[in-house]
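Reading through the structure tokens given below for one structure.
Every number here is computed from the coordinates shown, using simple stated rules; none is lab data. As the structure is a computational prediction, the values presented were derived from the model and not from experiment. Because the Cβ atoms are built from the backbone with ideal geometry, glycine has one as well, and the counts that use them run over all protein chains shown.
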Amino acid sequence: MKWAGAASRVVDLEGKVLLPGFIDGHGHIADYIQQWSLPVLNPPPVGDVNSIDDICRKLTAHLLKNPPAPGKLVVAVGYDDSLLKERRHPTRADLDSVSQDIPIVILHTSGHLLVANSAALKMVKLSKDSEAVPGGVIRRDPATGELNGIIEEQAAYAFVPYFPRQTREEQVRIFAEVQKLWASYGITTAQDGIANPDNVNFLREEARQGRLMLDVVSYPMWKVLTKVMRGEVKLEGVEVYAPGSQVSNGGRAYPGRAGMESVPTPGILATNHIRVGVYENHLKIGGVKITGDGSPQGKTAFMTLPYTRPPAGLPANYRAYASIEQSELDEWLEWAYRNNLQLLVHSNGDAAVEAFLSSVERARRIVGPKDLRPVAIHAQFARHDQVDRMKTLGIVPSFFTAHTFFWGDTHIDTFGVERAFGISPLAHAHSIGLKFSNHNDSPVVPPDILMLTWTAVNRLSRSGVVVGPKERVSPYVALKAVTDWAAFQYHEEGEKGTLEVGKLADLVVLDRNPLKVDHTQIRDLHVLETIKEGKTIFRRVGAR
């Protein structure tokens with residue numbers, strides 16, 4: 001009460017618990033727009049699909065209720081081969097049983113694979129004669145060489161231009177609901193990682209119209225900016241501010257540790273004036289996102305040692321593969337260090353982590369060390385020696401402990417106990433004083449921060465196995481990873497992440513104290529209210 005002034009609003013929480021607003025360490029908030037109205041094929045507890053027959057029934061029912069216009073692609077999302085009764089991916093033949101005339105694509109829950117029927121393959125001109133795609137795989141029947149419909153990683157981008165699009169009015173309406181969903185989980189800062197140009201332009205227009213109620217940090221996809229990075233295209237009207245520069249959502253500049261120095265090389269896709277690295281109407285273009293490999297649940301995470309159980313039909317020495325060549329990753333990191341730009345690099349397998357670390361080490365040798373805080377997104381199978389190097393290199397790992405519940409049992413089968421138990425090594429990172437964030441990678445799993453915190457503390461799989469007991473952390477440390485340290489990742493620790501005088505009033509009210517309840521009950525806590533800069537943006541029905 002000693003800080004209360006004439007304009008202060010005093011609220012009696014009546015024994016409820018106040019925390020800093022939750023910060024999404026990594027996610028894809030704008031991708032929810034496209035997926036909002038698509039058929040959902042997730043297994044429980046997110047959906048109700050348990051078999052390939054369930055998938056086909058759902059698709060058939062959807063087509064009967066929503067017959068598409070001729071030639072339009074039908075897309076469904078969320079299937080998970082590891083949890084289907086058949087323990088395999090659906091195939092082209094399975095989807096052809098639904099329709100051989102309507103093009104159909106179903107997206108894997110990881111977002112790193114898809115399955116297409118014959119009509120969809122024909123739509124994108126993929127056939128038995130198609131050549132391999134760098135950073136991707138077009139799976140084939142080993143006996144005939146015919147495509148089986150399963151498409152991995154970079155090869156899947158051939159289908160993206162054909163995905164259904166909502167009208168602008170529908171997008172605005174859906175995104176308002178998406179923001180409410182995020183706020184209902186206590187989130188006040190969200191991320192749109194690997195944003196495509198459409199998502200960037202949409203978010204910029206939402207910001208211009210004053211419709212962002214959350215802070216959103218966008219990291220455009222590296223592929224659309226490669227020519228800019230190489231100096232082949234020059235973008236006008238772009239200013240890049242060194243990470244650490246801070247601009248409030250009202251547009252007031254607060255020089256950070258690095259000051260407000262702009263750099264000469266523009267660093268982001270733009271058609272008019274953009275300031276990179278600072279907020280404007282709740283939107284910040286934070287840097288660039290690169291995909292280094294695939295997903296462990298999709299068996300495309302790039303590993304140093306072979307998979308214990310490789311995908312069906314692949315050899316025993318299968319390690320998956322990189323999504324980007326080492327030479328190109330080196331180019332990007334050097335360019336980022338020369339131009340004061342933060343990069344997020346998706347790196348699940350330890351071989352992908354090694355490629356990222358090597359690129360950062362090279363950039364620092366050539367350009368010199370800088371406080372850019374490049375982020376190792378997921379870093380699922382980062383080894384302890386690699387985590388130690390992250391601290392030396394100023395890298396922030398953003399872990400993904402939700403995997404321990406959703407796919408912990410699968411990872412034990414796929415990678416063996418030792419590697420599976422080491423995923424998302426939070427305890428080791430904490431033991432050496434390395435700050436890290438934690439995330440849900442939504443829409444891969446729902447943006448439930450309390451469930452995420454529960455996974456960091458308990459690491460219980462669906463079957464009840466403790467997936468890596470030595471990597472469990474306390475509730476306090478788990479909460480730091482979605483508040484204080486997540487703010488640090490974004491260079492926003494001066495404004496967010498803790499309850500201190502002078503910081504933004506980004507707050508969340510819980511019904512009980514996560515530091516005092518039984519550890520197994522953390523996921524059962526409820527967000528009662530979410531406050532963004534002093535304004536309530538979510539209140540649970542019945543909460544005062």
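Can you pull out the chymotrypsin sites (Phe, Trp or Tyr not before Pro) in the range 1-97 whose DSSP state is coil and whose Cβ has at most 15 other Cβ atoms within 10 Å? Don't jump to the answer; show the numbers that get you there.
Numbers: sites: TRP3, PHE22, TYR32, TRP36, TYR79; in loops: TRP3, TRP36.
In loop regions of the range 1-97 (DSSP not H, G, I, E or B), the sparsely surrounded chymotrypsin sites (Phe, Trp or Tyr not before Pro) are TRP3.
From the helices alone, meaning DSSP H stretches of at least four residues, give me the mean residue ellipticity at 222 nm for the chain, per-run term -39500 (n - 2.57), in deg cm²/dmol to the nearest 500. Mind showing how you got there, number by number?
Values: 17 runs with 150 residues, N = 544.
Computed mean residue ellipticity for the chain: -7500 deg cm²/dmol.
Report the Stokes-Einstein translational diffusion coefficient (µm² s⁻¹, integer) for the range 388-432, Rh taken as the Kirkwood radius over Cα pairs, at 37 °C with viscosity 0.692 mPa s.
Values: Rh = 11.5 Å.
Estimated diffusion coefficient is 284 µm²/s.
Under Stokes-Einstein, with the Kirkwood radius over Cα pairs standing in for Rh, what whole-number D in µm²/s applies to the range 392-544 at 20 °C and 1.002 mPa s?
Numbers: Rh = 16.3 Å.
Translational diffusion coefficient: 131 µm²/s.
Can you sort ASP80, ASP388 from fewest to most other Cβ atoms within 10 Å of each residue's own Cβ? Please report the intermediate quantities before stating the final value.
Values: ASP80 22, ASP388 15.
If I rank by nearby Cβ atoms, fewest first, I get ASP388, ASP80.
Once both axes come from the Cα atoms, what is the angle between helix 350-367 and the longest principal axis of the chain, in degrees from 0 to 90, rounded to 10?
50
For the chain, find the longest principal axis of its Cα atoms and tell me its angle to the long axis of helix 449-458, 0 to 90°, nearest 10.
80
Answer with one residue from LEU38, SER97, ALA132: the one whose Cα lies farthest towards the positive end of the charge dipole of the chain, charges on Cβ with Lys, Arg +1 and Asp, Glu -1.
LEU38
When DSSP beta bridges are limited to those with both residues in the chain, what percentage is antiparallel, rounded to the nearest 5? Show your work: numbers first, answer last.
Numbers: 31 of 68 bridges.
DSSP beta bridges in the chain are roughly 45 percent antiparallel.
DSSP loop (so not H, G, I, E, B), at most 14 other Cβ within 10 Å: list which GluC sites (Glu not before Pro) in the range 462-499 pass both filters. Intermediate results must be reported in sequence, preceding the final value.
Numbers: sites: GLU471, GLU492, GLU493, GLU495; in loops: GLU492, GLU493, GLU495.
The qualifying sites: there are none.
Which loop trypsin sites (Lys or Arg not before Pro) in the range 138-198, with loop taken from DSSP, have no more than 13 other Cβ atoms within 10 angstrom of their Cβ? Write down the numbers at each step before the final one.
On the way: sites: ARG139, ARG140, ARG165, ARG168, ARG173, LYS180; in loops: ARG165.
Those that pass, being in a loop and sparsely packed, are ARG165.
I'd like the FRET efficiency for THR520 and TYR476, computed as 1/(1 + (r/R0)^6) with the beta carbon distance as r and R0 of 22 Å, rounded to 0.05. Each step should come with its number before you reach the end.
On the way: r = 16 Å, r/R0 = 0.75.
Once the sixth-power term is evaluated, E becomes 0.85.
How charged is the neighbourhood of ASN438? Take every other residue with its Cβ under 15 Å from the Cβ of ASN438, and add Lys/Arg as +1 and Asp/Glu as -1.
Working: positive: LYS435, ARG459, ARG472, LYS480, ARG523; negative: ASP24, ASP441, ASP448, GLU471, ASP484.
Charge balance near ASN438 sits at 0.
Suppose every K and R has +1 on its Cβ and every D and E has -1 on its Cβ; what is the size of the dipole of the range 282-441 about the Cα centre, in Debye to the nearest 20?
On the way: 16 positive and 16 negative charges, 79 e Å.
The calculation lands at about 380 debye.
Just want the ordering: SER97, SER127, from fewest to most Cβ atoms lying within 10 Å of their own Cβ.
Working: SER97 15, SER127 11.
Ordered from fewest to most neighbouring Cβ atoms within 10 Å, SER97, SER127 come out as SER127, SER97.
How large is the convex hull of the C-alpha atoms of the chain per residue, in Å³?
Details: hull volume 84.5 nm³, N = 544.
It is 155 Å³ per residue.
For a quick check: sort ASP385, ASP371 by the number of other beta carbons within 10 angstrom, fewest at the front. Working shown, then result.
Working: ASP385 10, ASP371 13.
Neighbour counts put them in this order, fewest first: ASP385, ASP371.
Over the alpha carbons of the range 273-319, what is the largest minus smallest coordinate on each principal axis, giving the biggest first in Å?
Principal extents (largest minus smallest coordinate, Cα): 52, 16, 15 Å.
May I have the pair-distance distribution P(r) for the range 4-103, computed from all Cα-Cα distances with 5 Å bins from 0 and rounded to whole percent?
2, 10, 15, 16, 13, 10, 6, 5, 5, 5, 5, 4, 2, 1
Dipole magnitude of the chain about its Cα centre, charges +1 at Lys/Arg Cβ and -1 at Asp/Glu Cβ only, in debye to the nearest 20?
Working: 61 positive and 61 negative charges, 146 e Å.
Magnitude of the dipole: close to 700 debye.
Compute the signed sum of charges (Lys and Arg +1, Asp and Glu -1) over the other residues within less than 14 Å, Cβ to Cβ, of ALA505.
My count for the surroundings of ALA505 gives -1.
For THR530, what charge total do you get from the other residues with a beta carbon under 12 Å from its beta carbon, if Lys and Arg give +1 and Asp and Glu give -1? Numbers along the way, then the final one.
On the way: positive: LYS180, LYS532, LYS535, ARG539, ARG540; negative: ASP506, GLU529, GLU533.
So the environment of THR530 carries a net charge of +2.
Return the distance in nm (one decimal) between the two label points of a simple spin-label model at LEU18 and ILE366, each offset 7 Å from Cα along Cα→Cβ.
Distance between label points: 4.9 nm.
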